[in-house]
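Structure, as C-alpha cells:
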Amino acid sequence: MSGFLRIDYQAPTAAVEFTASLHNIGFAVLQSPPIPAGLVEQVYADWQSFFSSDEKFNYTFDPQRQRGYFPFQMERAKNQAHPDLKEFFHLYAREDLPPGLGAATWVLFQALIRIGADLLTWLEAYCPPEIQARFQPSLVKMTQDSPETLLRILHYPPLPKTVPRGVVRAAAHEDVNLITLLPAATQAGLEVQDRHGAWYRVPAEAGDLVVNVGDMLQLASQSYYCSTTHQVVNPEDTLAGESRFSLPLFIHPHPDVQLTPEITAQAYLQQRLQEIGLL
Ligand SMILES: O=C(O)CCC(=O)C(=O)O
Ligand SMILES: [Fe+2]
C-alpha cells in the first residue's frame, strides 16, 4: 500500500491528494484539520469518566433507535463469529447527554460535521462527471442535517489476561455509511487491508484525522470510491493493560436518499443492522 501519505489539510493540493487517496485506497490521513487544540483530548477525558462509572448502564441502548450505551461485547462485525472487545455510546445530533458530558463533545461534533461537508464537496468535485451525475442530490445536500449521522464514542478496555484466538478489539469490517471521520485514537491499532489481503497500519498521529469511505459511498459511486476493510488489532506488552478510545463520526445520508435506483439509504441500513446483530 504505497502512497499512504499524511495529507496537509491546509495545503492547496489537499483536495486532489485526498480524493486520490480515497479513490485508490479508501482511506486518507489528514494532518492539521481545523479542530481546536486540546478538544479531542478533552472529549476523551470526559468519556473516560463515563465508561468508568456504573451510571452508564442507565443509558443502555434502545434497539429500535440505536442510540445510547452499548455494553461490552455487544457488537459482532458482519460474518464474524466473535463479538468485538469494545463498549460504545452512539450520539446523534440534538440529543441529551449524560450530566457532566456535553460541552466539548458537541463542539467536536459540530467541527467534524463542518469538515465532513468540505470533504464531501471535494469528493464530488474531483471525480469523473459520469460519477458526479449519480450523486442526486449532491453529497453535501444528501447529508445536511441528516438524522442518521452519529458520533460513536468507543472504549476498548484493557485486554483480559487470556484472549481466545481470533478475538480482537474490532474485527475486520467495512463501514456502512457514506464517509467516516476519525480523530486519531489514544493508541495505535487501526489497520487497513489492501486488495491482496495484506494489512497495513494506519499512520495517524495525535491531532490527525483519518477519513474512510463506507459502503454507501462505494455503492453510490459505482465503486469509484472504495469502502476498504479495516480492523483494530489487540496491542501487546504494556499497552495491553491500557484502554484505547476512539471517536468515529459516521456521516449518513437522509434515509429517503436513493443510493441507487434500486435501494434507499434506509433500506440499506436496516439490512446491515440485521446482519451485525444490532436489530
Ligand atoms: O477504533 C478505531 O480506530 C476504528 C473503529 C471503527 O472502525 C468503527 O467503529 O467502525
Ligand atoms: Fe469502522
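Laboratory data are not the source of any read-out in this text; all were calculated from the coordinates shown. Note that the structure is predicted; figures quoted are calculated from it, not measured. So basically every Cβ, Gly included, is an ideal-geometry build from the backbone, and we count neighbours across all protein chains shown.
Above 20 angstrom, tally the Cα pairs of region 1-96 and express them as a % of all pairs, no decimals.
Taking all Cα-Cα pairs of region 1-96, the fraction more than 20 Å apart is 61 percent.
Compare the Cα positions of ILE153, ALA171, LEU181 along the charge dipole of the chain (+1 at Cβ of Lys, Arg; -1 at Cβ of Asp, Glu; about the Cα centre) and return the one farthest towards the positive end.
ALA171
Helix by helix through the chain, keep the DSSP H runs that span 27 Å or more along the axis on Cα and average at least 1.0 on Kyte-Doolittle, and give those back in order.
Passing helices, by number: 103-125.
So, by mean Cβ neighbours within 10 angstrom, what's the order for 16-29, 194-207, 63-76, 108-121 with the highest one leading? Kindly include the intermediate steps, with their values, before the conclusion.
Details: 16-29: 20.7, 194-207: 13.1, 63-76: 14.9, 108-121: 18.3.
Highest-to-lowest ranking by the protection proxy: 16-29, 108-121, 63-76, 194-207.
Filter the GluC sites (Glu not before Pro) in region 80-158 to those in DSSP coil with at most 15 other Cβ atoms within 10 Å of their Cβ, and list the result.
Qualifying residues, ordered by number: GLU95.
Using the Cα centre of region 179-276 as the reference point, and only Cβ charges (+1 on K/R, -1 on D/E), how large is the resulting charge dipole? Debye, rounded to the nearest 20. All intermediate terms of the calculation are to be shown ahead of the outcome.
Details: 4 positive and 11 negative charges, 30 e Å.
Its charge dipole is roughly 140 debye.
Kindly state, as a whole number, the per residue volume in cubic angstrom of the convex hull around the alpha carbon atoms of region 156-268.
128
How are the alpha carbon pair distances in region 107-203 distributed across 5 Å bins from zero to the largest one, expressed in percent?
2, 9, 16, 17, 17, 16, 11, 6, 3, 2, 0
Please sort 51-62, 181-192 by packing, taking for each peptide the average over its residues of neighbouring beta carbons within 10 angstrom, highest first.
Values: 51-62: 12.7, 181-192: 20.9.
Averaged packing, sorted descending, gives the order 181-192, 51-62.
Compute, for the chain, the length of the dipole vector about the Cα centre, with Cβ point charges of +1 (Lys, Arg) and -1 (Asp, Glu) only. Units Debye, rounded to 20.
320
Would you kindly work out the equivalent ellipsoid of region 216-279 from its C-alpha gyration tensor and give its semi-axes, the square roots of five times the eigenvalues, largest first in whole Å?
Over the Cα atoms of region 216-279, the semi-axes work out to 32, 15, 11 Å.
Each residue of region 235-241 in order: what ³J(HN,Hα) in whole Hz does its phi give by Karplus 6.51 cos²θ - 1.76 cosθ + 1.60, θ = phi - 60°, with x for Gly and Pro?
My calculation for region 235-241 gives x, 10, 6, 5, 4, 4, x Hz in order.
Sort largest first and round to whole Å: the equivalent ellipsoid semi-axes of the chain, each the square root of five times a Cα gyration tensor eigenvalue.
27, 21, 20
Mind checking which lysines have their C-alpha under 20 Å from LYS56, skipping anything on the same chain fewer than 8 residues away?
The qualifying lysines are LYS86.
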